[in-house]
Amino acid sequence: RDADEGNWVLMPPIPYGPLENDLIAGDFPPHAPSLTTRHYLGTDTSGRDVLARLIYGFRTAMLFSLVLLVFNYAIGVAIGCMMGYWGGAFDLFFQRIIEIWSNVPFLYVIMIVASIITPGFWTLLFIMAFFGWTAMTWYMRTATYKEVARDYVMAARALGASGSRIVFRHILPNSVSTLVTFVPFSVASGITALTALDYLGFGLPAPTPSWGEMIDQAMDSSNRDKIWLSVAPFTAISVPLLLVTLIGEAIREAFDPKQYAHYT
């Protein structure tokens with residue numbers, strides 16, 4: 001249609017995709033930040049917009065850490081709750097399994113997998129969930145042992161309540177403070193782990209937007225004078241981790257029974 005018909009379009013503030021190369025004739029990337037070219041944080045060594053890759057890298061890191069959190073909690077809470085509720089031989093067996101599992105060198109496993117296949121999002125997620133569920137198991141086991149010894153669980157057993165009802169209706173709701181307080185810190189550890197793997201070259205394949213890959217570019221000796229390549233990813237990582245840590249501290253204090261307990 002003609003432009004004078006009153007039609008309009010709202011353009012995005014960043015008119016570049018995370019995989020789009022914007023090469024300038026007669027100049028080699030990386031390019032410094034510029035309002036004229038609308039590269040507000042400059043470009044990387046391939047001419048891709050740094051700000052666009054930061055945003056998409058944040059989306060990838062958050063999605064990875066949240067899905068990893070769900071897998072770790074689902075496995076760890078289930079096994080830890082069964083260990084604390086049943087105890088006995090079942091508890092001793094899984095204690096030995098977890099001790100062995102915790103001593104497996106996780107980085108070596110990643111290196112072996114990366115040498116055989118190109119690790120993708122779900123491959124890394126599966127490997128990290130395969131070894132990352134053990135930490136939550138100990139906390140849930142301890143919380144379950146504590147709740148099982150309380151009078152309300154004994155009363156529920158005396159009334160003929162089944163084991164599943166006691167676990168899901170009584171033990172888990174009363175252990176939610178243990179689960180919730182570790183959520184922000186688990187998210188932060190997931191973001192850090194993915195960034196570290198990408199930085200070492202064992203993470204997501206190129207050209208996936210990744211904070212670790214951007215830090216790797218910034219640490220290259222030929223890019224030491226390109227300060228925007230290092231400031232942008234380090235700031236992008238520091239701010240979410242700081243916020244997640246502060247949220248975790250606030251949640252921990254909110255669920256702390258000593259914070260609002262009064263004795264007379």
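Worth pointing out:
- Of all accessible heavy-atom area on the chain, the percent that carbon and sulfur account for (1.4 Å): 67
- Taking all protein chains together and rolling a 1.4 Å probe, Leu200 ends up with roughly 90 Å² accessible.
- For His39, residues with placed amide H under 5 Å, excluding near neighbours: Ser34
- Database remark: amide H of Arg48 closer than 5 angstrom to the amide H of Asp22 (H placed geometrically; neighbours at sequence offset of 5 or more, or on other chains; Pro and chain starts carry no H).
- Solvent-accessible area of Lys146 with every protein chain in place, 1.4 Å probe, in Å² to the nearest 10: 120
- Principal-axis tilt of helix 176-200 within the chain, Cα atoms, nearest 10 degrees: 40
- Contour excess over end-to-end distance, with Cα ends at Ser177 and Val104 and 0.36 nm allotted per residue: 23.3 nm
- When percent of Cα pairs over 30 Å apart is calculated for this entry, the matching label among (1) 47; (2) 22; (3) 36 is (1).
- Solvent accessible area, Å² - Phe90, 1.4 Å probe, full protein context: 60
- Diffusion coefficient, µm² s⁻¹, Stokes-Einstein with Kirkwood Rh over alpha-carbon pairs of the range 173-245 at 10 °C and 1.306 mPa s: 116
- Phi to ³J(HN,Hα) by Karplus 6.51 cos²θ - 1.76 cosθ + 1.60 over the range 120-136, Hz, x for Gly, Pro: x, 4, 6, 5, 5, 4, 5, 5, 5, 6, 5, 10, x, 7, 5, 5, 5
- Probing with 1.4 Å while keeping every protein chain in the model, the per residue accessible area of the chain equals 58 Å².
- Value of [θ]222 nm, deg cm²/dmol, for the chain, DSSP H segments ≥ 4, -39500 (n - 2.57) each, nearest 500: -20500 deg cm²/dmol
The values are calculated or read from the model by the stated rules, or taken from the named source; none is laboratory data. Everything numeric in this text was worked out from a predicted model, so none of it was measured. When the accessible area is computed, the model is the full protein with side chains, heavy atoms only, and any ligands, DNA or RNA have been set aside. Shrake-Rupley method; radii C 1.70, N 1.55, O 1.52, S 1.80 Å.
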